[in-house]
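Taking it in order: structure first as structure tokens, then the write-up.
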Amino acid sequence: MTTPTPRPRRHRAPATPDHWLARGARARLLWPFSVLYGALAALDRLRHRVSRVPQRLPVPVVVVGNVVAGGAGKTPTTLALVRHLRSRGWRPGVISRGYGRETPPGEPDVRAVPPDASARWVGDEPLLIARQSGVPVFVGRRRAEAGQALLAAYPHTDILVCDDGLQHHALGRDLEICVFDERGIGNGWLLPAGPLREPWPPRREPVCPRLVLHTGQRVAPSLAGTGWHAPRRLADYALRADGGRVALQALAGRPLAAVAGIARPQAFFDMLAQAGLQIGTQVPLPDHDDFSGGLPPSCDGLTVLCTEKDAVKLWPVVPGALAVPMVLDIPSAFWDALDKALPPIR
């Protein structure tokens, strides 16, 4: 397989810091900064409660997000949620910040995400959701403004799903879905000494109902007995750029390279190995990498496997790459709880 001449990269993909998982010397050294982080986060929450009342939109809003830093299965959860809502008769739309995107000079920050958009301008996760879900998707730094624009353009929309935004207190919401993986809450400390973006369990009453979903192969002991277990797994097929499918079993024995520009690349590589694939070259990249540097020469002549999030940026560069979807096995009890937490369909 021919790949573009690679350019030097400025940084490598970071693994989950070891000090996030235990309260060792490095974590204790960083703990004072966690105290400062927590104080600033508390002030931000207070500011929105006192002087900036969260902006309510005219339709129900469900926020899907992580309490811990790093990927935990938020985007697959969002896609599964959209499919479920449509099956129940809702007409959902999706809003997102669009992390890592650029805004063209002179263009508004809030924008629609058509399936043929460039990830550079709308973000990789919103583009993936737009292509996979078939529902309207808008991005904006202020999620409420993105929601208003979406509702103006698609007035039939009767519920909004916010992809990420648990800590975006400016947006009013009716339900929150907190996604964890097998790391649980790690060492239980806030960033940067630990992985938490906010205290867990919460030290305040939630502003709306919260559902907890565990997407790891096991539920972390620190969260045992909470929420529902929906383990992530790879689909038994990979997708070509034209939408065609290739069975993973058909790739066994082929020379393969695995590429991942996600929060935890090794998790993807390990799942490929568990599926029985022999990965000769692993290329871990920073989360949201744009592949502008191409792929290293070690990928030449190999079939390249990547995640669906990577594929929306990698296919224009390496059209022969194969994207392996992530599947969540969400129990029916979770959907029952979600349906009960939502208001009746208008």
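The values are calculated or read from the model by the stated rules, or taken from the named source; none is laboratory data. Keep in mind that this is a model prediction, so the values were computed, not measured. Because the Cβ atoms are built from the backbone with ideal geometry, glycine has one as well, and the counts that use them run over all protein chains shown.
Can you pull out the residues in the stretch 184-199 that are farther than 22 Å from ARG141 by Cβ and touching a Lys or Arg at 6+ places or on another chain (Cβ under 9 Å)? Lay out the reasoning, then the answer.
So the first thing to find is which residues in the stretch 184-199 are farther than 22 Å from ARG141 by Cβ, and the list is 184-190, 192-196, 199.
Selection gives ASN187, GLY188, TRP189, LEU190, ALA193, GLY194, PRO195.
Restricting to the stretch 254-276, and then to whatever is surrounded by 14 or more Cβ atoms within 10 Å (Cβ to Cβ) and of a type in the set (Gly, Ala, Ser), can you tell me which residue is nearest to THR307 (Cα to Cα)?
ALA260
Just checking, does the stretch 93-105 include any residue being loosely packed, with under 13 Cβ neighbours inside 10 Å and at pLDDT below 95? Write out each step before concluding.
Here is the first cut: in the stretch 93-105, the residues loosely packed, with under 13 Cβ neighbours inside 10 Å are 104-105.
Checking the rest, the ones that are also at pLDDT below 95 come to 104-105.
The answer is yes; a qualifying residue exists.
Look through GLY216, GLY165 and report the one residue that is outside any strand (DSSP E or B), within 30 Å of ALA25 (Cα to Cα) and among the small types (Gly, Ala, Ser). Quick ask: steps written out before the conclusion?
On the way: GLY165 fails: within 30 Å of ALA25 (Cα to Cα).
Selected residue: GLY216, the only one of GLY216, GLY165 that is outside any strand (DSSP E or B), within 30 Å of ALA25 (Cα to Cα) and among the small types (Gly, Ala, Ser).
Name the residue, out of ALA224, ALA311, ALA235, ALA250, that is crowded, with 19+ Cβ neighbours inside 10 Å and not polar (S, T, N, Q).
Residue meeting the stated conditions: ALA311.
Might you let me know whether the stretch 325-339 holds any residue that is more than 29 Å from GLY225 (Cβ to Cβ), within 22 Å of the chain's Cα centre (by Cα) and surrounded by 15 or more Cβ atoms within 10 Å (Cβ to Cβ)?
Of the residues in the stretch 325-339, the ones more than 29 Å from GLY225 (Cβ to Cβ) are 325.
Those left that are additionally within 22 Å of the chain's Cα centre (by Cα): 325.
Add one more test, that the residue is surrounded by 15 or more Cβ atoms within 10 Å (Cβ to Cβ), and what stays is 325.
Looking through the stretch 325-339, at least one residue is more than 29 Å from GLY225 (Cβ to Cβ), within 22 Å of the chain's Cα centre (by Cα) and surrounded by 15 or more Cβ atoms within 10 Å (Cβ to Cβ).
Looking at the stretch 81-96, can you tell me whether even one residue there is closer than 20 Å to ILE262 by Cα and either part of a loop (DSSP other than H, G, I, E, B) or assigned by TED's automatic domain parsing to the domain that holds LEU239 (or both)? Don't jump to the end; show me each part of the working.
Initial filter on the stretch 81-96 (closer than 20 Å to ILE262 by Cα): 96.
Restricting the remaining residues to those that are either part of a loop (DSSP other than H, G, I, E, B) or assigned by TED's automatic domain parsing to the domain that holds LEU239 (or both) gives none.
No: zero hits.
Among the residues of the stretch 155-162, is any polar (S, T, N, Q), touching a helix residue (DSSP H, G or I) at 6+ places or on another chain (Cβ under 7 Å) and over 22 Å from ARG49 (Cα atoms)? Outline the logic, then answer.
The first filter runs over the stretch 155-162 and keeps only residues polar (S, T, N, Q), leaving 157.
Next, from what is left, pick out any that are touching a helix residue (DSSP H, G or I) at 6+ places or on another chain (Cβ under 7 Å): 157.
Restricting the remaining residues to those that are over 22 Å from ARG49 (Cα atoms) gives 157.
Yes, the conditions are met somewhere in the stretch 155-162.
Only one of (1) at pLDDT below 95; (2) under 18 Å from LYS74 (Cβ atoms) is not met by ARG120, so which one is it?
Of the numbered conditions (1) at pLDDT below 95; (2) under 18 Å from LYS74 (Cβ atoms), the odd one out for ARG120 is (2).
Going through LEU30, LEU40 one at a time, which residue ends up being over 18 Å from LEU342 (Cβ atoms), more than 16 Å from the chain's Cα centre (by Cα) and surrounded by fewer than 17 Cβ atoms within 10 Å (Cβ to Cβ)?
Details: LEU30 fails: surrounded by fewer than 17 Cβ atoms within 10 Å (Cβ to Cβ).
Selected residue: LEU40, the only one of LEU30, LEU40 that is over 18 Å from LEU342 (Cβ atoms), more than 16 Å from the chain's Cα centre (by Cα) and surrounded by fewer than 17 Cβ atoms within 10 Å (Cβ to Cβ).
Within the stretch 1-47, how many residues are touching a Ser or Thr at 6+ places or on another chain (Cβ under 8 Å) and modelled with pLDDT of 85 or more?
Step one: of the stretch 1-47, the residues touching a Ser or Thr at 6+ places or on another chain (Cβ under 8 Å) are 1, 7.
Checking which are modelled with pLDDT of 85 or more leaves us with none.
Summing the residues that are touching a Ser or Thr at 6+ places or on another chain (Cβ under 8 Å) and modelled with pLDDT of 85 or more in the stretch 1-47 gives 0.
Go through the stretch 106-142 and report how many residues are buried (at least 20 other Cβ atoms within 10 Å of the Cβ), charged (D, E, K, R) and under 16 Å from the mean Cα position of the chain (by Cα). Lay out the reasoning, then the answer.
Initial filter on the stretch 106-142 (buried (at least 20 other Cβ atoms within 10 Å of the Cβ)): 110-111, 113, 117, 119, 122-130, 133, 135-140.
With the extra rule that they be charged (D, E, K, R), the set shrinks to 111, 124-125.
Within this subset, residues satisfying the condition of being under 16 Å from the mean Cα position of the chain (by Cα) are 124-125.
Of the residues in that region, 2 qualify.
Of all residues in the stretch 253-268 being in contact with a helix residue (DSSP H, G or I) (Cβ under 8 Å, 6 or more places away or on another chain) and at pLDDT below 95, which is farthest from PRO319 (Cα to Cα)?
Out of the qualifying residues, it is ILE262.
Filter the stretch 277-287 down to residues that are touching a helix residue (DSSP H, G or I) at 6+ places or on another chain (Cβ under 7 Å) and of a type outside the set (A, V, I, L, M, F, W, C) and give me whichever is surrounded by the most Cβ atoms within 10 Å (Cβ to Cβ).
Only one residue tops the list, namely PRO284.
Given the condition in contact (Cβ under 8 Å) with a residue 60 or more places away in the chain and of a type in the set (A, V, I, L, M), answer yes or no: does some residue in the stretch 95-105 qualify? Explain how you work it out, then say what you get.
As a first pass, look at the stretch 95-105 and keep what is in contact (Cβ under 8 Å) with a residue 60 or more places away in the chain: 95-97, 99-100.
Pick out the ones that are also of a type in the set (A, V, I, L, M) and you get 95.
The answer is yes; a qualifying residue exists.
Please determine, by comparing only the residues of the stretch 64-76 that are outside any loop (DSSP other than H, G, I, E, B) and closer than 20 Å to PRO195 by Cα, which one is modelled with the highest pLDDT.
Applying the first criterion (outside any loop (DSSP other than H, G, I, E, B)) to the stretch 64-76 yields 64-66, 68, 74-76.
Of the ones still in play, those that are also closer than 20 Å to PRO195 by Cα are 64-66, 68, 74-75.
On the way: VAL64: 97, GLY65: 94, ASN66: 93, VAL68: 93, LYS74: 93, THR75: 93.
Per the stated criteria, the residue is VAL64.
The rows are residues; the columns are (1) modelled with pLDDT under 95; (2) of a type in the set (A, V, I, L, M, F, W, C); (3) in the same structural domain as ALA72 (by TED's automatic domain parsing); (4) closer than 30 Å to ARG173 by Cα.
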site: HIS288; (1), (2), (3), (4): yes, no, no, yes
site: GLY293; (1), (2), (3), (4): yes, no, no, no
site: THR303; (1), (2), (3), (4): no, no, no, no
site: ALA333; (1), (2), (3), (4): no, yes, yes, yes
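Please work out which residue is surrounded by the fewest Cβ atoms within 10 Å (Cβ to Cβ), limiting yourself to the stretch 18-27 and to residues that are assigned to a loop (DSSP other than H, G, I, E, B) and in contact (Cβ under 8 Å) with a residue 12 or more places away in the chain.
Applying the first criterion (assigned to a loop (DSSP other than H, G, I, E, B)) to the stretch 18-27 yields 21-24.
Subsequent filtering for residues that are in contact (Cβ under 8 Å) with a residue 12 or more places away in the chain retains 21-23.
Details: LEU21: 15, ALA22: 12, ARG23: 16.
Restricting to residues being assigned to a loop (DSSP other than H, G, I, E, B) and in contact (Cβ under 8 Å) with a residue 12 or more places away in the chain, the top hit is ALA22.
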